[in-house]
Amino acid sequence: MHTRDMALAENHLLALLPRRDRVSLLAACETVQLDLGEVLCEPGEPTRHVYFPCDCFISLVSAIRGEPGLEVGMVGREGMLGAQLALGVSAIPLHAVVQGAGMVRRIAARRFRRELAGSKALQLTLNRYVYVLMAQLAISAACTRFHNVEPRLARWLLMTQDRAHSDSFHLTHEFLAHMLGVRRVGITGAASDLQRQDLIRYRRGDIIVLDRAGLEAAACSCYAADRRAYDATIR
């Protein structure tokens with residue numbers, strides 16, 4: 001493995017595996033750079049690769065014909081893309097697109113199935129992660145229906161910050177409106193309110209989180225619910 005690979009922040013699911021299982025899986029992986037906006041899979045298509053993000057993050061988007069997509073989940077270093085293979089299902093029902101560029105561990109689906117068959121620890125980890133994804137999707141659905149734009153935006157910014165591992169990132173109003181399924185004017189108003197409270201600084205798409213604790217207080221309860229589901233299940 002190259003020195004650059006060793007220097008990467010490791011994916012949390014891989015780090016939880018016993019050393020023997022982790023070494024075997026990593027030996028089957030390649031380390032690749034994902035670019036912003038890169039589409040990794042489309043609904044209904046067979047999964048060709050499994051991705052374990054290291055310092056990038058991926059949006060999971062649900063789309064209905066004739067309507068713009070709505071983000072229902074996000075995958076970063078805490079998770080993986082392709083967990084449905086643990087259920088014996090090849091296709092994913094969601095559109096997966098790179099939201100934050102960076103490095104991933106990537107493994108071909110066929111080879112991943114072999115690793116999965118030979119590792120009870122990997123099977124258990126994936127089963128638990130599938131539950132976390134189910135919880136995230138359920139929370140996201142309720143959040144979209146019942147919560148106002150501003151607390152939803154605060155939650156989404158916290159989720160992005162967690163996966164970007166940075167206080168600053170670039171997100172346009174148009175992109176945020178698309179991800180949250182609201183009109184652009186709604187995002188403008190919500191972002192302005194958060195900025196007036198000195199929680200963020202927002203200018204021409206560049207966002208800086210100024211007050212993490214304040215942003216958590218402004219977010220809807222769904223952010224904490226997501227964290228509890230993950231912490232209680234993945235260990």
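When the stretch 48-75 is examined, which residues are found to be open to solvent by 20 Å² or more (accessible area, probe 1.4 Å) and at pLDDT below 95?
Within the stretch 48-75, ASP55, SER62, ALA63, ILE64, ARG65, GLY66, GLU67, PRO68, LEU70, VAL72 meet the criteria.
Tell me which of these LEU133 doesn't satisfy, since it passes every other one: (1) within 15 Å of the chain's Cα centre (by Cα); (2) under 22 Å from GLU38 (Cα atoms); (3) open to solvent by 70 Å² or more (accessible area, probe 1.4 Å).
(3)
Only residues that are open to solvent by less than 30 Å² (accessible area, probe 1.4 Å), farther than 12 Å from ALA121 by Cα and out of contact with any Asp or Glu (no Cβ under 7 Å at 6 or more places or on another chain): list them for the stretch 14-39, please. Steps first, please.
Keep residues of the stretch 14-39 that are open to solvent by less than 30 Å² (accessible area, probe 1.4 Å), which gives 14, 17, 25-26, 28-29, 32, 34.
Then drop every residue that is not farther than 12 Å from ALA121 by Cα, which leaves 26, 28-29, 32, 34.
Selection gives LEU26, CYS29, VAL32, LEU34.
Quick one: is ASP198 in contact with a Leu (Cβ under 8 Å, 6 or more places away or on another chain), surrounded by fewer than 20 Cβ atoms within 10 Å (Cβ to Cβ) and of a type in the set (D, E, K, R)?
Judged against the criteria, ASP198 is a match.
Identify all residues within the stretch 209-235 that are surrounded by 13 or more Cβ atoms within 10 Å (Cβ to Cβ) and among the aliphatic types (A, V, I, L, M); write none if there are none.
Listed by number, the residues that qualify are VAL209, LEU210, LEU215, ALA218, ALA219, ALA224, ALA225, ALA229, ILE234.
The values are calculated or read from the model by the stated rules, or taken from the named source; none is laboratory data. Just so you know, these numbers come straight off a predicted model, no measurement behind them. Cβ atoms come from the backbone with ideal geometry, glycine included; neighbour counts cover every protein chain shown. These accessible areas exclude ligands, DNA and RNA; they are computed on the full protein's heavy atoms, side chains included. Shrake-Rupley method; radii C 1.70, N 1.55, O 1.52, S 1.80 Å.
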